[in-house]
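What follows is calculated from the coordinates using simple rules that are stated; it is not laboratory data. Small disclaimer: the values here were computed from a predicted structure and weren't measured. Neighbour counts are summed over all protein chains in view; Cβ atoms, including those assigned to glycine, are modelled from backbone coordinates with ideal geometry.
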Amino acid sequence: MINLNLSGKTAIVCGSSQGIGKAAAMELASLGANIILVARNLSALELVKEQLPTDEGQVHYALSADFDHPEDLKQKINHFLEKIHVVHILVNNTGGPNPGPANEAHEDEFRIAFNRHLICNQIMVQAVLPKMKAVGYGRIINVISTSVKQPIPNLGVSNTVRGAVANWSKTLSLELAKFGITVNNVLPGSTSTARLEGIINNNADKKHLSIEEVEANMKKEVPAGRFAEPEEIAYAIAFLASPAASYINGINLPVDGGRTASL
């Protein structure tokens, strides 16, 4: 029988004040996990925390941290985890860089994105690894982008940095499997979030099209003919976090309605 039960497990979900991160936190909590919400906006996190299920003694937390300040994040997460017995699941997820072609991007845009996505992911992994190794159970899930398989036009900085994160993740999966820790990437396609709204607005401005025209053109690229809901990405994250996914390691899992052309 498939085992999706996360009772007694504790999960850190980054970027969980909205969008995919919030949906992932809700889904993991519905499966029984204790949730540590992490994002910049504490008041928004507290609102999400109030919505999380609290069955059978579940305990949830909210931690404000800014991924644009890696050293501050390191101090906060390490201090916070001193009071947490063990963390079993880490969902690395944060907002993507601004759209635009790579050849026009300022070098600072690459540096900021690299810090936000790869350096902060590394900080989070190093913070939870001792506890995961101690119990022989770990699920590290990085929410990236289908651009690691097929670069997305006009997302030059994102395409570059997401690729680095994907290869970092694959390397970790080889190093950590012997400890009962898996490392996998979820690659969302176009998902109904504030991030997608910003991309649509940017494309509409650049191409002098209406919002409706840009949305229709984007949906034509998806065999499913629609955008994903954040909950649909969260289901994949939750499965990879579960005991049922114990032999899935080092993969890139597109959740994109079939849009990605490569295997």
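Values as computed for the structure displayed
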read-out	value
Crossing angle, helix 70-81 versus the chain [Cα axis fit, 0-90 degrees, rounded to tens]	30 degrees
Difference of contour (0.36 nm per residue) and Cα-Cα distance, His69 to Ala164	32.3 nm
Estimated [θ] at 222 nm from DSSP helical runs (n ≥ 4, -39500 (n - 2.57)) normalised by residues in the chain, nearest 500	-14000 deg cm²/dmol
Principal-axis tilt of helix 120-135 within the chain, Cα atoms, nearest 10 degrees	30 degrees
Segment 153-263 - percent relative contact order, Cα under 8 Å, separation 6 or more	38 percent
For Rg/Rh (Cα atoms, Kirkwood Rh), calculated from these coordinates, the label among (i) 0.99; (ii) 0.96; (iii) 1.02	(ii)
Under-5 Å amide H pairs with Val255, H placed in peptide plane, nonlocal only	Leu187, Gly189
Exposure proxy order (Cβ contacts within 10 Å, fewest to most) of His208, His69, His106	His208, His106, His69
Local electrostatic count, Thr193, Cβ distance below 11 Å [Lys/Arg +1, Asp/Glu -1]	0
Least to most buried among Val13, Val143 (fewest other Cβ within 10 Å first)	Val143, Val13
Value of relative contact order over the chain, rounded to a whole percent, pairs C-alpha under 8 Å and six or more apart	21 percent
On Cα atoms only, tilt of 156-176 relative to the major axis of the chain in degrees	30 degrees
Euclidean distance of C-alpha centroids, segment 145-201 and segment 205-263, integer Å	12 Å
